[in-house]
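Scroll down for the structure; my scribbles are underneath it.
Every read-out reported here was derived from the displayed coordinates using simple, explicitly stated rules and does not represent laboratory data. As the structure is a computational prediction, the values presented were derived from the model and not from experiment. With ideal geometry, Cβ positions are generated from the backbone for all residues, glycine too; neighbour counts draw on all protein chains shown.
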Amino acid sequence: MASLQSSITDLLTDIYNRMYSALGPQHWWPGDTPFEVCVGAILTQNTSWTNVSRAIDNLKEAGVMGAASLYALPLERLAELIRPAGYYNIKAQRLHNFLTLLMESYDGELENLFSQGLEAARKELLSVNGIGPETADSMLLYAGRLPTFVVDAYTIRALMRHDIVDENAGYHSVRELFMDNLPEDAELFNEYHALWVNVGKSFCKKSKPRCDQCPLNGV
Ligand code: SF4
């Protein structure tokens, strides 16, 4: 068992090293404040970051990029401001649900939420209607600097193509694969997830993967 675990650790470390050597630090997630990172994590569901950026700019220009002011905004106005991010009525409601938790249970302070530690804060976020595991883990890792692994479709697709996980692999089992076999290190998890996104977008495309140019060719 120990040798199996160390071989998985070696494999995951090799993958990380190959991506990092080829692509360098990714400086992800963009956001001026932890609060902005959390807003971005909700807005980025099912859309590109370019669209999220436009929605965030709208919120900043309107002077409402803060928990209390965003919470006080009528839903219709919030939806109008985040319109560039798509699914704006649904996302306005999701943002409001998150803000309700933050304002009513944590005095509007993310630090109060995150200071409970990873498991308790994750449970709280997952109780919010519209926040799933990927969104919750993105907030915890990139805004809270807590050591949780963010899994996305890019990661699962590449791992499946290398037969590291099977076609039934879901969010939970892939997250565990990384968390059980790598050091509990928020900086490592931060960079690792960002590198998967880069590899997924640039090389491991849904159709016609560019394996010949990919840093993971040969893994
Ligand atoms: S593009 Fe090819 S080499 Fe790169 S991760 Fe995908 S399957 Fe692997």
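Structure notes:
- Taking A120, A85, A158 as the candidate residues, the one with maximal mean-square fluctuation in a Gaussian network model of the chain, Cα springs under 10 Å, is A120.
- The long axis of helix 34-43 is offset from the longest Cα principal axis of the chain by roughly 80 degrees.
- Length-normalised contact order for the chain - Cα pairs under 8 Å, 6+ apart - percent: 24 percent
- Taking θ as phi - 60° and the Karplus parameters 6.51, -1.76 and 1.60, the scalar couplings of region 99-115 work out to 5, 5, 4, 5, 6, 7, 10, 10, 6, x, 10, 4, 4, 5, 6, 6, 5 Hz in sequence order, x denoting glycine and proline.
- Two-site FRET efficiency, E61 against S3, from Cβ-Cβ distance with R₀ of 45 Å, rounded to 0.05: 0.20
- For the chain, fraction of C-alpha pairs farther apart than 25 Å, in %: 42 percent
- Helical content of the chain, expressed as a calculated mean residue ellipticity at 222 nm, amounts to -18500 deg cm²/dmol (DSSP H runs of 4 or more residues, -39,500 (n - 2.57) each, divided by residue number, nearest 500).
- Placing a pseudo-label 7 Å from each Cα along the Cα-to-Cβ vector at C211 and L75 gives an inter-label distance of 4.8 nm.
- Taking the fewest neighbouring Cβ atoms within 10 Å as the starting point, the ordered list for T50, T135 is T50, T135.
- For region 34-143, with +1 on Lys and Arg beta carbons and -1 on Asp and Glu, the positive-most of V128, Y106, T44 along the dipole: T44
- Taking the convex hull of the alpha carbon positions in region 124-197 and averaging its projected area over all directions gives 5.0 nm².
- Neighbour counting of Cβ atoms within 10 Å sorts the residues S3, S48, fewest neighbours leading, into S3, S48.
- Exposure proxy ranking, count of Cβ atoms within 10 Å, fewest first, for M65, M19, M179: M179, M65, M19
- Crossing angle, helix 186-202 versus the chain [Cα axis fit, 0-90 degrees, rounded to tens]: 80 degrees
- Sequence-separation-based contact order of region 34-143, relative, with Cα cut under 8 Å and 6+ spacing, percent: 32 percent
- In loop segments of region 127-180 as defined by DSSP, the trypsin sites (Lys or Arg not before Pro) with at most 13 further C-beta atoms inside 10 Å of their C-beta are R145.
- Counted charge near V150, where neighbours are those whose Cβ lies closer than 9 Å (Asp, Glu -1; Lys, Arg +1): -2
- Rg/Rg_ref, region 34-143, where Rg_ref = 2.2 N^0.38 Å and atoms are Cα: 0.97
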